[in-house]
1. Tally time: how many residues in segment 7-38 are touching a Ser or Thr at 6+ places or on another chain (Cβ under 6 Å) and more than 21 Å from Asn50 (Cα to Cα)?
2. Out of contact with any Leu (no Cβ under 7 Å at 6 or more places or on another chain) and without any contact (Cβ under 8 Å) to a residue 40 or more places away in the chain: is that true of Ile55 in this structure?
3. Select, from Asp62, Asp56, the only residue that is within 22 Å of Val8 (Cα to Cα), exposed (fewer than 15 other Cβ atoms within 10 Å of the Cβ) and not aromatic (Phe, Trp, Tyr).
4. Among what's in segment 60-89 and is in a loop (DSSP other than H, G, I, E, B) and more than 27 Å from His32 (Cα to Cα), pick the residue that is nearest to the chain's Cα centre (by Cα).
Amino acid sequence: MISAAGSVVYALCALTSVGCAWLLLRAHQRNHVRLLLWSGLCFVGLALNNILLFIDVRVMPDVDLSLWRTLPAVAGILLLLYGLVWETR
């Protein structure tokens, strides 16, 4: 069983990921730097991963959401990898 401190850590990780995604995507809107877009989309995936982790551990501990929470993280990392490899000039 996860303690209250564990729940706070999961929530702070999710909020940090959402904040990073928001800041990166806002910076992309202002500067139109493509790497900011790919980084922001990566953090959107990581934020979804953290939110689903919180739901998996605290809200629905009887249901295994490990596959569903891994998919957004993998998609985010793949988007960042695409941006780093094919968009760098």
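Coordinate-derived values only; no laboratory data. It should be emphasised that the depicted structure is a prediction, and the values quoted were computed from it without experimental measurement. Don't worry about glycine lacking a Cβ; one is built from the backbone with ideal geometry, like all the others, and counts go over all protein chains shown.
1. Selection size over segment 7-38: 0.
2. no
3. Answer to the selection: Asp62.
4. Restricting to residues being in a loop (DSSP other than H, G, I, E, B) and more than 27 Å from His32 (Cα to Cα), the top hit is Leu65.
Here is a yes/no grid of residues against (1) within 13 Å of the chain's Cα centre (by Cα); (2) exposed (fewer than 14 other Cβ atoms within 10 Å of the Cβ):
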position: Ala4; (1), (2): no, yes
position: Leu12; (1), (2): yes, yes
position: Leu24; (1), (2): yes, no
position: His28; (1), (2): no, no
position: Ser39; (1), (2): yes, no
